[in-house]
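Some notes on the structure that comes next.
The values are calculated or read from the model by the stated rules, or taken from the named source; none is laboratory data. Since this is a predicted model, take the numbers as computed values, not measurements. Cβ atoms come from the backbone with ideal geometry, glycine included; neighbour counts cover every protein chain shown. Note: areas computed on protein heavy atoms with side chains; ligands, DNA, RNA excluded. Shrake-Rupley method; radii C 1.70, N 1.55, O 1.52, S 1.80 Å.
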Amino acid sequence: MKNTVAFSKNATNVFFHILTQCNLRCRHCYINKKQHGKNTLPLETINAWLKVFVSKNKEANVIFLGGEPTLHSDLPGAVNKAKSIGYSSVTIDTNGYLFHNILSEVSPDVVDFFSFSLDGATRKTNDMIRGKGSFDTCIQGIKDAILKGFSTSLIYTVSTINLHELDKIIPLLKDLKVDRFFIQVIGIRGKAAENKQDKLQVSRKDWLKIIPQAAQKIARLGIVVSYPKVFLPLEEPFECAGLVADNYFIFPNGRVYRCPLCEDYPLHGLVFKDNALAKTPKINETDFFALNIPEGCVMNKLIQPDNLSYNPDGTCRYKIACCMLKEEIRINL
Ligand code: SF4
Ligand code: SF4
């Protein structure tokens, strides 16, 4: 069954970058230390910031990110704190290196998912993007996590470099038995923005030809698959998650964004001051969310417009969806 996943108005989703340090140097890494800081948050600060998003009336979910979050020696403490103060789900996103023996320091009762990043079906392609040895380490990490009883996801960030390998990942997925497979689209920010000559953005033609079909094939393995819609027909309604959803992208320098596409700029709408959330002065991202343009997402038009296309009379051929709007496929075997 294929479903467009509407933005949840009844859940708060916290994407918490607890440090920006990482052992890898991926070619498309979106971390931008000038904008996100170089510090590692102390556990007391992580705990204080986590508390801000818990409320009695709404479910809250947290995803711990970095850099590589398992490089933070206090990650187990943060994970346990999140569950004990009422977070409904806790996810750890990792490159698979699983530092500080994390699989033995947390339990499947507390961590709902370990999400691993792999950007190729082959060692050659993945390691070209993510660094030598990262393919084998990630696969081993997934196997170890499953053996310890954790639920796992795999995140595959699609760019022009690895698009052709997406459906070649099926035998690997059959072998691994991950629970969920997330296809992401490359965002032109961080390193991808610095290295624009790499031309990583996928065309609409290639996206529509390859992604939905590959997703369907992968879902037939019994894995829940999700992928961003990216391209919307003109007649489909457009919504900006910044206006209707409750997502927070937190960085260790205290910046809190509502839109991931803004993260390369000092446009964050919120900031932590004395462990409380404060609004930032104008102009910030929230001033853009309500702008109604024929192209759909305003930030897409401003920062990565190469995926847009116009008719000879200047009208748009299609709209760009919010980067957080997903299709989800579930096939019960
Ligand atoms: S593993 Fe993640 S944080 Fe580390 S370099 Fe790669 S994309 Fe960046
Ligand atoms: S990606 Fe575009 S539509 Fe989505 S929150 Fe950002 S500005 Fe809004």
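Of note:
- Count - residues of the range 12-26 that are of a type in the set (A, V, I, L, M, F, W, C), touching a Ser or Thr at 6+ places or on another chain (Cβ under 8 Å) and farther than 23 Å from Phe135 by Cβ: 2
- Scanning the range 90-115 for residues that are within 24 Å of Tyr30 (Cα to Cα) and touching a strand residue (DSSP E or B) at 6+ places or on another chain (Cβ under 7 Å) returns Val90, Thr91, Ile92, Asp93, Thr94, Asn95, Gly96, Phe113, Phe114, Ser115.
- Check on Pro228, closer than 30 Å to Asn332 by Cβ, within 11 Å of ligand 2 (Cβ to nearest atom) and in contact with a strand residue (DSSP E or B) (Cβ under 7 Å, 6 or more places away or on another chain): yes
- Residues satisfying the criterion are absent from the range 269-280 (criterion: within 24 Å of Leu200 (Cα to Cα) and within 12 Å of ligand 2 (Cβ to nearest atom)).
- Check on Val185, within 16 Å of ligand 2 (Cβ to nearest atom) and either within 27 Å of Phe99 (Cα to Cα) or not polar (S, T, N, Q) (or both): yes
- Residues located in the range 180-199, provided they are touching a Leu at 6+ places or on another chain (Cβ under 9 Å) and modelled with pLDDT of 95 or more: Arg180, Phe181, Phe182, Ile183
- Residue check, Ile329 open to solvent by less than 20 Å² (accessible area, probe 1.4 Å) and within 16 Å of ligand 1 (Cβ to nearest atom): no
- All of (1) open to solvent by 10 Å² or more (accessible area, probe 1.4 Å); (2) touching a helix residue (DSSP H, G or I) at 6+ places or on another chain (Cβ under 8 Å); (3) within 16 Å of ligand 1 (Cβ to nearest atom) hold for Arg204 with one exception: (3).
- Among the candidates Phe135, Phe116, the residue that is buried (at least 16 other Cβ atoms within 10 Å of the Cβ), on the phi < 0 side of the Ramachandran plot and without any contact (Cβ under 8 Å) to a residue 24 or more places away in the chain is uniquely Phe135.
- So Lys34, is it over 24 Å from Val111 (Cα atoms), charged (D, E, K, R) and more than 13 Å from ligand 1 (Cβ to nearest atom): yes
- Those residues of the range 277-294 which are touching a residue at least 12 places away in the same chain (Cβ under 8 Å) and small (Gly, Ala, Ser), in sequence order: Ala290
- Taken over the range 165-197, the residue count meeting the criterion of being in contact (Cβ under 8 Å) with a residue 40 or more places away in the chain and farther than 17 Å from Lys143 by Cβ is 18.
- Considering the conditions (1) of a type in the set (S, T, N, Q); (2) buried (at least 19 other Cβ atoms within 10 Å of the Cβ); (3) touching a helix residue (DSSP H, G or I) at 6+ places or on another chain (Cβ under 6 Å), Asn307 is excluded by exactly one of them, (3).
Residues checked against (1) in contact with a Cys (Cβ under 6 Å, 6 or more places away or on another chain); (2) more than 16 Å from ligand 2 (Cβ to nearest atom); (3) free of Cβ contacts under 8 Å to residues at least 60 places away in the same chain:
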position	(1), (2), (3)
Asn3	no, yes, no
Phe7	no, no, no
Thr12	no, no, no
Arg27	no, yes, no
Gly37	no, yes, no
Ile46	no, yes, yes
Val54	no, yes, yes
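- Highlighted here are the helices (runs of 4 or more DSSP H) found entirely within the range 1-109 that include at least 2 residues which are closer than 27 Å to Asp264 by Cβ and either open to solvent by 10 Å² or more (accessible area, probe 1.4 Å) or acidic (Asp, Glu) (or both): 33-36, 43-52.
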